[in-house]
Amino acid sequence: MSVIAPAITAQTLDEYKTAVDQIHPFAQRVHVDISDGEFAPHFLLPAGQLWWPAEWQIDVHAMVARPSEHVAQLIALKPSLIIFHAEAAEDILPSLEQVKAAGIKAGVALLKSTVPSVVAPLINAADHVMIFSGELGEHGGVASLMQVEKIRLIKNINPNVEIGWDGGVNIDNAYTLTQGGVDVLNTGGAIANSDNPAGTYNLMVREINKHGVI
């Protein structure tokens, strides 16, 4: 069953707390972005300042150039999943293996230009592959539905891997993405910028769980 994971992209502690407070009443699985200001254009709240409600299932999306410099600190936070980018400035396979050895799920994010076959060893090692269709470090991107084709290519490499999607998820495309094979729909601007975040979240949950009409 697919899930909606509200996303937090914050540059300051105040922004982070506001985001946590906004989604706390309804969120269960939450996607938290961090960035080193090098791999992505903006510095986001560093791992050392992250916190979250104990009942949340947390996926940390680390937009960092050198995951090996961050992996120990991220493991210490004990999230459910840590995602590194295949396009990082170093081989991320050792970091993925370090994450898994700590009993945490390891994920690989693919930018729009990355062909799955080129990073097949990473996909084989991963518990989760996230198709990144947005803009690094930004909310409110547009979902490039052409990227859905990557799901088939990823599954040909690792049939059991969980598929995530980041970028432009909204009420209008959530059902389509789910039907295309996306397991985790990371949702930033559609919820964060809504006048009724809880209502938007609940509408999206209903969308991904509805049955198609033949």
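General remarks:
- Residue in region 9-23 that is of a type outside the set (Lys, Arg), within 13 Å of the chain's Cα centre (by Cα) and farther than 17 Å from ILE131 by Cα present: yes
- Residue check, LEU145 within 16 Å of the chain's Cα centre (by Cα), in contact (Cβ under 8 Å) with a residue 12 or more places away in the chain and surrounded by fewer than 21 Cβ atoms within 10 Å (Cβ to Cβ): no
- Residue list for region 154-213, restricted to those being of a type in the set (Phe, Trp, Tyr) and in contact with a strand residue (DSSP E or B) (Cβ under 9 Å, 6 or more places away or on another chain): TRP165, TYR201
- In region 21-42, the qualifying residues are those that are part of a strand (DSSP E or B) and in contact with a strand residue (DSSP E or B) (Cβ under 6 Å, 6 or more places away or on another chain), and the one that is surrounded by the fewest Cβ atoms within 10 Å (Cβ to Cβ) is ARG29.
- Selection from region 142-171 of residues that are among the charged types (D, E, K, R) and either within 14 Å of VAL108 (Cα to Cα) or at pLDDT below 95 (or both): GLU149, LYS150, LYS155, GLU162, ASP166
- Enumeration of residues in region 168-204 that are among the acidic types (Asp, Glu) and in contact (Cβ under 8 Å) with a residue 40 or more places away in the chain: ASP183
- Where a residue in region 1-19 is outside any strand (DSSP E or B) and its partner, wherever it lies, is of a type in the set (Phe, Trp, Tyr), with Cβ under 8 Å and at least six apart: ALA10/TYR16; GLN11/PHE43
- Qualifying residue in region 183-195 (condition: charged (D, E, K, R), out of contact with any Lys or Arg (no Cβ under 7 Å at 6 or more places or on another chain) and at negative phi): yes
- Selection within region 153-167 - under 12 Å from the mean Cα position of the chain (by Cα) and crowded, with 19+ Cβ neighbours inside 10 Å: ILE163, GLY164, TRP165, ASP166, GLY167
- Whichever residue in region 169-183 is of a type in the set (Ser, Thr, Tyr) and touching a helix residue (DSSP H, G or I) at 6+ places or on another chain (Cβ under 6 Å) and, among such residues, is surrounded by the fewest Cβ atoms within 10 Å (Cβ to Cβ): TYR175
- Any pair with Cβ under 6 angstrom, 6 or more apart, that starts in region 82-103 at a residue that is among the β-branched types (Val, Ile, Thr) and ends at one that is assigned to a strand (DSSP E or B): ILE82/VAL60; ILE83/HIS61; ILE83/GLY107; ILE83/ALA109; ILE83/MET130; ILE92/PHE84; VAL99/ILE82; VAL99/ALA106
- Of the residues making up region 181-214, those that are within 25 Å of ALA109 (Cα to Cα), at pLDDT 95 or above and not in a helix (DSSP H, G or I) are GLY181, VAL182, ASP183, VAL184, LEU185, ASN186, THR187.
The values are calculated or read from the model by the stated rules, or taken from the named source; none is laboratory data. From a predicted model like this one, the values you see are computed outputs, not experimental measurements. Counting neighbours? That spans all protein chains shown, and the Cβs are built from the backbone with ideal geometry, glycine included.
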